[in-house]
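In what follows, a structure is listed as structure tokens, so that the remarks can point back to it.
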Amino acid sequence: MSDAQQPERPQGPQPEPIRFFGTTWVDHGGNYALRRAAVAAGSLLAAAAGALVLRFAYQGLAIAAVSGFVSMLVIVMFAACSAMAFRRAWDGFTRRRDPGSGADASAERSMQSIRMIGFIGVLLAWFFRSLVEAPGEKLHRAEYERERELYERRRATRAGNPAARDAGRKRKRR
């Protein structure tokens, strides 16, 4: 393939893809609305199926004739884990965590089991967020616009002859 036939690589920062949406969130193209509706419906159906599975588990506890305290403890545990998982997922849509910090990485590892137990909360967070936007779109859009602005600023300062600009800097320092 010759150089003339190769597709031109776009200049500047590229948008980061979002799960289920790719980069369609940038211009809301590529069946964006249909994808949002599918994510909302899918997450709500998955949450309903998960609630049904938890209902069967609770009936299993009733058949096993465990004490009322154990039954209440299971209900409170799933409710608390779902609430914490919902909040953690919702915060993840609006704020990026620093993957490099050791404290944040250990906190994320410790939250994995709570997210697995409270999976209904995560699914409900996806449902409610997809009613408004693609989950994480606001965060990605802010980062992408900031990167584009910085790129345009850097590109504007590079106009002209770089050799002349470097010579002017050297004279000012002396």
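The values are calculated or read from the model by the stated rules, or taken from the named source; none is laboratory data. Just so it is clear, the structure is predicted and the values come from calculations on it, not from any experiment. Surface areas here come from the heavy atoms of the whole protein model, side chains and all, with no ligands, DNA or RNA. Shrake-Rupley method; radii C 1.70, N 1.55, O 1.52, S 1.80 Å.
Before we move on, is L139 under 30 Å from T23 (Cα atoms) and modelled with pLDDT of 85 or more?
In short, yes.
What number of residues within the stretch 52-69 are open to solvent by 50 Å² or more (accessible area, probe 1.4 Å) and either under 27 Å from the mean Cα position of the chain (by Cα) or closer than 28 Å to A107 by Cα (or both)?
2
Is there a residue in the stretch 94-105 that is modelled with pLDDT of 85 or more and among the hydrophobic types (A, V, I, L, M, F, W, C)?
no
To keep it simple, each residue is scored yes or no on (1) under 30 Å from R141 (Cα atoms); (2) assigned to a helix (DSSP H, G or I).
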site	(1), (2)
F56	no, yes
Q59	no, yes
A65	no, no
L73	no, yes
A85	yes, yes
